[in-house]
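**Student:** Dropping a structure here in structure tokens format, bear with me for questions.
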């Protein structure tokens, strides 16, 4: 039987164990993810969504449970095989767009010539062709996030983790970036875990939605989103789209 690309079972995370300020962030999270999926993770503020992402990225150690990544297809190295996008683009203001994209390749000491070619290809993919020599201050917020997405892909990771990457953008730009992300995902074939507070955003993007409860977090339900790709904004007016959003609202106690 083929193993899932990501296997999470009874995952727990306790901060400051044994101390007065001990805090249980994740109580029991179980989730299997297949390679190439785009999974939306939604839940209340402070419920542990970002903590889960940090554990998957190898930046935090779990306190209990099981996390297996790679599906048995060779060793999985988070430094080499994970790309990350945060709410803020976190671009270095003194580096050009191209040089910002190249940062992971430099850290990993990948061949420079091939990395530059891939970085230029990725900037074309995210719609920033011809912007290579600009600096972050010359870009809009949406453009900066496009650079951040290109940067997360430059070392050809197997997994991309996105922690509310469009949360700081205005509503119109956010809608455009949702469509851009769907296009990039479909063309790149990457596995993406996308954390969001936006329920409509979670439904629009995800092939499945992982709904987390208030902290200490557990997984309330995994919802298969049976909407066709490529997805469009007008899908938000469809009855099935509304049914999925109502289901998520109900699981979060927001009916």
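None of the figures in this text is laboratory data; all of them are computed from the coordinates on show. Given the structure is predicted, the values throughout are model-derived calculations rather than measurements. Cβ: placed from backbone, ideal geometry, glycine included. Neighbour counts: every protein chain shown.
**Student:** Could you tell me the relative contact order of region 67-181? Use alpha-carbon pairs under 8 Å, at least six residues apart, and round to a whole percent.
**Tutor:** 40
**Student:** Now for a different question. Work out the P(r) tail for region 136-176: percent of alpha carbon pairs separated by more than 17 Å, whole number.
**Tutor:** Numbers: 298 of 820 pairs.
Of the Cα pairs, 36 percent sit more than 17 Å apart.
**Student:** Which residue, 54, 235, 162, tops the fluctuation ranking in a GNM of the chain built on C-alpha contacts under 10 Å?
**Tutor:** Top of the fluctuation ranking is 235.
**Student:** Shifting gears a bit: Picking from 60, 123, 102, which is most flexible by a Gaussian network model of the chain using Cα springs under 10 Å?
**Tutor:** Its mean-square fluctuation being the largest, the pick is 60.
**Student:** Using Cα centres only, tell me the gap between region 157-207 and region 1-76 in whole Å.
**Tutor:** 19
**Student:** Turning to a different aspect of this structure: What angle do you read, to the nearest 10 degrees and between 0 and 90, between the alpha-carbon axis of helix 239-251 and the longest principal axis of the chain?
**Tutor:** For 239-251 against the chain, the angle is about 60 degrees.
**Student:** Would region 42-116 count as rounded, prolate or oblate if I go by the C-alpha gyration tensor, calling it rounded below 1.5 in a/c and otherwise prolate when a/b exceeds b/c, oblate otherwise?
**Tutor:** oblate
**Student:** Quickly rank 149-161, 129-141 as a protection proxy: mean count of other C-beta atoms within 10 Å, highest first.
**Tutor:** Going by the mean number of other Cβ atoms within 10 Å, highest first, we get 149-161, 129-141.
**Student:** Averaged over all directions, how much area does the convex hull of the C-alpha atoms of region 43-171 cover when projected, in nm²?
**Tutor:** Result: a mean projected hull area of 9.5 nm².
**Student:** Moving on to the next point. Taking a spot 7 Å from the Cα of residue 3 along the direction of its beta carbon, which residues of region 74-99 have an amide N less than 19 Å from it?
**Tutor:** 74-82
**Student:** Here is a further query. Measure nothing fancy, just the Cα-based angle from helix 141-153's long axis to the longest principal axis of the chain, in degrees from 0 to 90, nearest 10.
**Tutor:** 90
**Student:** What does the convex hull of the Cα atoms come to per residue for region 91-157, in Å³?
**Tutor:** In region 91-157, the Cα hull volume divided by residue count equals 73 Å³.
**Student:** In addition: Could you work out how much longer the chain between residue 156 and residue 171 gets when fully extended? Use 0.36 nm per residue separation minus the Cα distance between them, nm to one decimal.
**Tutor:** Value of the extension gain: 2.4 nm.
**Student:** Take the Cα coordinates of region 14-82, assign each an equal point scatterer, and use the Debye formula without solvent to give log10 I(q)/I(0) at q = 0.18, 0.19, 0.27 Å⁻¹.
**Tutor:** The computed values of log10 I(q)/I(0) come out as -0.82, -0.90, -1.50.
**Student:** Along the Cα→Cβ direction, 7 angstrom out, place labels at residue 14 and residue 254. What is the inter-label distance in nm?
**Tutor:** For the pair residue 14/residue 254, the computed spacing is 3.1 nm.
**Student:** Which of rounded, prolate or oblate describes region 138-240 when judged by the alpha-carbon gyration tensor and an a/c cut-off of 1.5?
**Tutor:** rounded
**Student:** A further question on this structure: Could you give the length gained by full extension between residue 34 and residue 68, i.e. 0.36 nm per residue of separation minus their alpha carbon distance, to one decimal place? Mind dumping the intermediate values first?
**Tutor:** Numbers: separation 34, 0.36 × 34 = 12.24 nm, distance 1.21 nm.
Working it through step by step, the gained length comes to 11.0 nm.
**Student:** Multiplying the sequence separation of residue 21 and residue 113 by 0.36 nm and subtracting their Cα-Cα distance, what value in nm do you get?
**Tutor:** Contour length minus the Cα-Cα distance gives 28.2 nm.
**Student:** Suppose a student asked you for the relative contact order of the chain, using Cα pairs under 8 Å spaced at least 6 residues apart; what percent would you report?
**Tutor:** 26
**Student:** I need to check one value: relative contact order of region 91-157, counting alpha carbon pairs closer than 8 Å and at least 6 residues apart, in percent. Please report the intermediate quantities before stating the final value.
**Tutor:** Details: 79 pairs, mean separation 32.8, N = 67.
In percent, rounded to a whole number, it is 49.
**Student:** Give the average over all directions of the projected area of the C-alpha convex hull of the chain, one decimal, in nm².
**Tutor:** The orientation-averaged projected area of the Cα hull of the chain comes to 15.1 nm².
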